[in-house]
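**Student:** Sending over a structure as structure tokens; questions will come in a sec.
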Amino acid sequence: MKDKIDDELTYQVIGCAMRIHNTLGNGFQEVIYQRCLAIELDKESIHFEREKEMPNFYEGINVGTRRADFIVEDKVMVEL
């Protein structure tokens with residue numbers, strides 16, 4: 001069952017992203033949007049980690065790592 005808190009957190013993150021989109025529009029490099037999202041999440045007092053390394057497993061075997069753009073409140077992964 002979905003958690004209402006997770007829905008609210010997702011709504012907040014999307015709101016932050018929409019503010020950035022409404023202000024900057026399209027055409028910037030991803031790193032610019034990442035920096036702006038960090039600013040917006042900070043303004044909302046939302047805890048996040050940037051460029052977090054995460055292991056990937058296939059049938060219990062580690063097949064490599066990837067970096068998530070953002071992990072928000074240890075609940076939501078955001079890729080820009």
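**Student:** Using only Cα atoms, find the angle between the long axis of helix 4-24 and the longest principal axis of the chain, and express it within 0 to 90 degrees, rounded to the nearest 10.
**Tutor:** Result, in degrees: 50.
**Student:** Show that you can apply the helix-only estimate: for the chain, add -39,500 (n - 2.57) for every DSSP H stretch of four or more residues, divide by all residues, and state [θ] at 222 nm to the nearest 500.
**Tutor:** After summing the helix terms and dividing by residue count, I get -14500 deg cm²/dmol.
**Student:** Alpha carbon centre of segment 1-55 versus segment 63-80: separation in Å?
**Tutor:** With segment 1-55 and segment 63-80 each reduced to a Cα centre, they are spaced 12 Å.
**Student:** Here's something else I'd like to know. With an 8 Å Cα cut-off and a minimum separation of 6 or more residues, compute the relative contact order for the chain in percent.
**Tutor:** Over the chain, the number comes to 23 percent.
Read-outs: derived from the displayed coordinates by stated rules, not from any lab. From a predicted model like this one, the values you see are computed outputs, not experimental measurements.
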